[in-house]
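Below you'll find the structure I mean.
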Amino acid sequence: MKKKNIEIIAEAGVYHNGDLEKALRLIDIAADSGADIVKFQTFKAEKIVSRKAQKASYQENLTLGESQFSLLKRLEMPLEWYPKLVSRCEQNRIRFLSTGFDEDSIDFLDRINMPFFKIPSGEITNKPLLEFISKKGKEIVLSTGMSTLNEIEDAISIFLSNGITKDMITILHCNT
């Protein structure tokens with residue numbers, strides 16, 4: 001991640017709702033707002049949630065009749081979107097970023113030359129994922145909004161024991 005005093009990351013996340021045109025528009029809006037980076041999420045539903053997983057309470061009224069698995073499956077970004085998203089980012093002079101939630105997604109993001117990996121605060125205790133990401137040898141941006149100080153220290157210890165140096169780690173305090 002290019003070092004400067006402040007970099008603004010626009011959270012596009014899954015707000016595309018499974019629609020490529022919305023995803024492209026989110027990039028346009030992020031660029032127009034002056035953000036440096038626009039961040040999406042990369043995952044395969046079957047890798048991160050069971051088919052019987054309960055929805056979070058805030059999702060109940062928004063997704064009536066849809067299971068947690070179905071919701072996440074609908075929000076996956078098809079791999080065919082990525083060249084279009086990256087191209088739109090280049091046109092808008094904003095950097096593309098996506099957070100990977102599983103090893104296959106991390107491998108994919110690495111293949112498309114993600115310059116660094118952002119760890120969501122909800123994954124800070126996912127030791128196998130942190131170790132897997134560490135072995136890629138790229139800079140890490142660590143969100144800590146859902147974390148305790150001990151969990152943050154443990155995550156940093158995992159990174160350091162897997163070849164990541166302190167100067168390769170950026171810590172964000174984000175409220176969830």
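The values are calculated or read from the model by the stated rules, or taken from the named source; none is laboratory data. Please read these numbers as outputs of a predicted model, since none were measured by experiment. As a convention, Cβ positions derive from the backbone with ideal geometry for all residues, glycine included, and neighbour counts pool all protein chains shown. Surface areas here come from the heavy atoms of the whole protein model, side chains and all, with no ligands, DNA or RNA. Shrake-Rupley method; radii C 1.70, N 1.55, O 1.52, S 1.80 Å.
Would you mind finding the one in 129, 160 that is at pLDDT 95 or above, open to solvent by 50 Å² or more (accessible area, probe 1.4 Å) and hydrophobic (A, V, I, L, M, F, W, C)?
None of the other options fit; the residue is 160.
Here is a list: 39, 22. Which entry is in a helix (DSSP H, G or I), more than 16 Å from residue 73 (Cβ to Cβ) and at pLDDT 90 or above?
On inspection, the qualifying residue turns out to be 22.
If you go through the stretch 140-152 one residue at a time, do you hit one that is surrounded by 19 or more Cβ atoms within 10 Å (Cβ to Cβ) and assigned to a helix (DSSP H, G or I)?
no
Please specify each residue of the stretch 69-83 satisfying the condition of being assigned to a helix (DSSP H, G or I) and either under 17 Å from residue 15 (Cα atoms) or within 16 Å of the chain's Cα centre (by Cα) (or both).
69, 70, 71, 72, 73, 74, 75, 81, 82
Tell me yes or no: at least one residue of the stretch 86-100 is charged (D, E, K, R), buried (at least 16 other Cβ atoms within 10 Å of the Cβ) and modelled with pLDDT of 95 or more.
Yes, the stretch 86-100 has at least one match.
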